[in-house]
Amino acid sequence: MADIILPHSHNEHTEVLLKGMPKAEVFDKSSETFALISDSTRLKILWLLCHTEECVANIAAAIEMSSPAVSHHLRVLKQAGLLTHRRQGKEAYYTLADTDEARLVHHIVDILFDLNCDGCY
């Protein structure tokens, strides 16, 4: 990354920090993850699957949504690498993937609900 010249020199901390600034692609990928969890339906699904493995029909019932709509959200989360699934007969069971990004999302979900859910359980 080219050296950035700041219009004001308040301290050297910002200049040093900018030398290690991630590339634009890293910010793009990170914003995609935040976009995935900013949807309230996907957040409900992630909250559930962070704590259990479940089939589409039960996920749909738990979040009061149709199975096709839930399947769409599951597909988006799976394509992003946040979920994994296994088949047992005709049923597909989903759970959080065993990846660094999925573990981070799990951590974020837990913290969000700890902060925003005072006595809601």
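The values are calculated or read from the model by the stated rules, or taken from the named source; none is laboratory data. It should be emphasised that the depicted structure is a prediction, and the values quoted were computed from it without experimental measurement. Cβ placement follows ideal geometry from the backbone for every residue including glycine, while neighbour counts extend to all protein chains displayed. Surface accessibility is based on the protein's heavy atoms, side chains included, excluding ligands, DNA and RNA. Shrake-Rupley method; radii C 1.70, N 1.55, O 1.52, S 1.80 Å.
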Along the Cα-to-C-beta direction of His72, a point sits 7 Å from the Cα; which residues of the stretch 17-58 have their amide N less than 15 Å from that point? 39-43
Extension gain (nm, one decimal) between His107 and Gln79, 0.36 nm per residue minus Cα-Cα: 8.1 nm
Taking Cα atoms only, helix 100-116 is inclined relative to the longest principal axis of the chain by an angle, in degrees rounded to 10, of 90 degrees
Determine how large the accessible area of Ile111 is when every protein chain is in place; take a 1.4 Å probe and give Å² rounded to the nearest 10. 70 Å²
On C-alpha positions alone, give me the angle between the axis of helix 67-79 and the longest principal axis of the chain, in degrees, nearest 10. 40 degrees
Report, in degrees rounded to the nearest 10, the 0 to 90 angle that the Cα long axis of helix 24-38 makes with the longest principal axis of the chain. 40 degrees
Apportionment of accessible area to carbon and sulfur, the chain, percent (1.4 Å): 56 percent
Candidates His73, His85, His13; GNM for the chain (alpha-carbon contacts under 10 Å) flags as most fluctuating His13
Farthest towards the positive end of the dipole of the chain, among Ser66, Thr33, Thr99 and with Cβ unit charges of +1 on Lys and Arg and -1 on Asp and Glu, lies the Cα of Ser66
Most mobile of Leu48, Leu36, Leu104 per a Gaussian network model of the chain (Cα springs, under 10 Å)? Leu104
For the stretch 49-96, what is the charge dipole size about the Cα centre, in debye to the nearest 20, if Lys and Arg each add +1 at the Cβ and Asp and Glu each add -1 at the Cβ? 240 debye
How big is the charge dipole of the chain about its Cα centre, in debye rounded to the nearest 20, if each Lys and Arg gets +1 on its Cβ and each Asp and Glu gets -1 on its Cβ? 560 debye
